[in-house]
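The values are calculated or read from the model by the stated rules, or taken from the named source; none is laboratory data. What you are looking at is a predicted structure, and each value in this text was computed from that prediction instead of being measured. Cβ placement follows ideal geometry from the backbone for every residue including glycine, while neighbour counts extend to all protein chains displayed.
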Amino acid sequence: MSMVKDESRPYLIVGQGITGTCLSFLMTQRGIDHVVMDTTTKKAASSVAAGLINPLTGRHFVKSWMIEQLIPKARQIYAEMELILDISLFQNHTIHLLFQNNKSLNDWHMRTTSYDVGPYAGLVDEGNDFLSMYPQTIAHTEILGGAKINLKQLIFAYRSYLEQRNQFINQALEYDQITDSSGNIDQKWEGVIFCEGAHAVRNPFFNYLPFWPTKGEVLLVKIPNYPNTNDIVKCGVFIIPTDIHDVFWIGSTYDKKFEHDLPEKEKGLLLHDRLEQVIGCSFTILDHQDAILHT
């Protein structure tokens, strides 16, 4: 396809991960002419991520930034995408939080006294059938208001949507493609919007920014006898159901120091051991994946 239309100057969105996809969708709703450039061969964080929306994050159960405004807006936008793409994307989920020691349980009690955390914190239960499935667990609670997005299906379906509208360029960007002889953005574009994820660290237009690369690794495992096939569970790792029966996303590690962008055996073993400590049944590792993002 031609990269631009002769009669107009479209915007160019570089990258079709979750950010580029949502931006393109909103620009389409507003009638803003644009094309999206990406390659189907690169490894992107959006293709590895679980798509989890978690109101309380980290070891200290910090309320996610602007979560009160973002979840209703996300629900609205994904519902509109579902209508256009004819797929299911947004699933409301309670997140089951397990405690294996008194310290983590006490930390939870301390944090949930805060007014900002309270609306998302369920009651602690120290004796029910749910706990019997996790041998070393002493108590259980729920993080309320979570959700899961089917990211892989979204990225694939929206790419097909763009291709049908002749708005997708399937190639990796070379930065000199979009600049003139003076190094400025070529005037054939109304503007260029970079949604590159980890590739932003090599972007010459933003090489002054202090990007902080972070590497995450996950496992895909098959757990044939796991009873909670539809539940999201957090206990040292997340156990998140996928669209494939008995297959779960397990993650993730979080490393700011790393030497390459390939999965590391020791990280896979770490995730394996953490999962083994949580569940009381056998499992098989199907895949070990990694991705890099920048903060």
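A few points about this structure:
- Screening the stretch 90-142 for residues that are of a type in the set (S, T, N, Q) and touching a helix residue (DSSP H, G or I) at 6+ places or on another chain (Cβ under 8 Å) and picking the one that is surrounded by the fewest Cβ atoms within 10 Å (Cβ to Cβ) gives Q136.
- Test: residue in the stretch 245-252 that is touching a helix residue (DSSP H, G or I) at 6+ places or on another chain (Cβ under 6 Å), of a type outside the set (V, I, T) and closer than 29 Å to G15 by Cβ: no
- Residue within the stretch 256-266 that is surrounded by fewer than 17 Cβ atoms within 10 Å (Cβ to Cβ) and modelled with pLDDT of 95 or more present: yes
- Output for the stretch 138-152, where each listed residue is among the basic types (K, R) and either within 20 Å of M110 (Cβ to Cβ) or modelled with pLDDT of 95 or more (or both): K148
- Scanning the stretch 156-171 finds no residues that are aliphatic (A, V, I, L, M) and within 29 Å of N101 (Cβ to Cβ).
- Selection of strands (runs of 3 or more DSSP E) fully inside the stretch 207-295 by the criterion of at least 3 residues being within 21 Å of the chain's Cα centre (by Cα) and of a type in the set (A, V, I, L, M) returns 213-222, 237-241, 284-294.
- Every listed requirement among (1) without any contact (Cβ under 8 Å) to a residue 24 or more places away in the chain; (2) surrounded by 17 or more Cβ atoms within 10 Å (Cβ to Cβ) is met by D180 save one, (2).
- Among residues that are under 29 Å from N101 (Cβ atoms), at pLDDT 90 or above, touching an Asp or Glu at 6+ places or on another chain (Cβ under 8 Å) and not small (G, A, S), T229 is not included.
- Taken over the stretch 278-295, residues that are surrounded by 16 or more Cβ atoms within 10 Å (Cβ to Cβ) and of a type outside the set (D, E, K, R) amount to 9.
- Residue count, the stretch 259-295 (criterion: over 19 Å from T242 (Cα atoms) and in contact with a Pro (Cβ under 6 Å, 6 or more places away or on another chain)): 3
- Pairs with Cβ under 9 Å, 6+ apart, first in the stretch 106-124 and farther than 14 Å from K63 by Cβ and acidic (D, E), second at pLDDT below 90 and exposed (fewer than 12 other Cβ atoms within 10 Å of the Cβ): D107/R59; D107/H60
- If the condition is being under 22 Å from Y120 (Cβ atoms) and under 12 Å from the mean Cα position of the chain (by Cα), then the stretch 135-157 contributes A147, K148, I149.
- Candidate set: the stretch 143-161, residues that are small (G, A, S) and in a strand (DSSP E or B); chosen: the one surrounded by the fewest Cβ atoms within 10 Å (Cβ to Cβ): G145
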